[in-house]
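Take a look at the structure set out below.
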Amino acid sequence: AEAEVEETEAEDEGEEITNIAELPNISNRIVDALEQHGITDVVELIGLEEDELRRIEGLDEDDVEQIREIIADSVEIIEQDEENEEGVSS
């Protein structure tokens, strides 16, 4: 039974996180709110705009901020469109 404890460390070896529930420091409440909205995949989550996140029932401003920080810390985002630079507001 002791060998099972080792499994969590393997995830740090660059194994890609695909399910939002696997994100570090994400609360169950946020995961539940996202899943209620049909979002279970990290890629889907990254694709959402901040205002879309704010419209999800059960998420408040702090949750949106926390989600953004978790994504920034744990997901390497390949920028698809370069014209979306800092300071350019649509």
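Filtering the range 68-90 to residues that are among the hydrophobic types (A, V, I, L, M, F, W, C) and either open to solvent by 60 Å² or more (accessible area, probe 1.4 Å) or at pLDDT 95 or above (or both) leaves Ala72, Ile77, Ile78, Val88.
With respect to Asp51, determine if the residue is at pLDDT 90 or above and surrounded by 12 or more Cβ atoms within 10 Å (Cβ to Cβ). Spell out how you get there, then give the answer.
Numbers: at pLDDT 90 or above: yes; surrounded by 12 or more Cβ atoms within 10 Å (Cβ to Cβ): no.
It is false that Asp51 is at pLDDT 90 or above and surrounded by 12 or more Cβ atoms within 10 Å (Cβ to Cβ).
Condition check: surrounded by 10 or more Cβ atoms within 10 Å (Cβ to Cβ), assigned to a loop (DSSP other than H, G, I, E, B) and either at positive phi or modelled with pLDDT of 90 or more (or both). Does Ile26 satisfy that? In short, yes.
The values are calculated or read from the model by the stated rules, or taken from the named source; none is laboratory data. All of these numbers come straight from a predicted model, not from anything done at the bench. Methodologically, a virtual Cβ is constructed for each residue, glycine included, from the backbone with ideal geometry; neighbour enumeration extends over all protein chains shown. Ligands, DNA and RNA are excluded from the accessible area calculation, which covers all protein heavy atoms including side chains. Shrake-Rupley method; radii C 1.70, N 1.55, O 1.52, S 1.80 Å.
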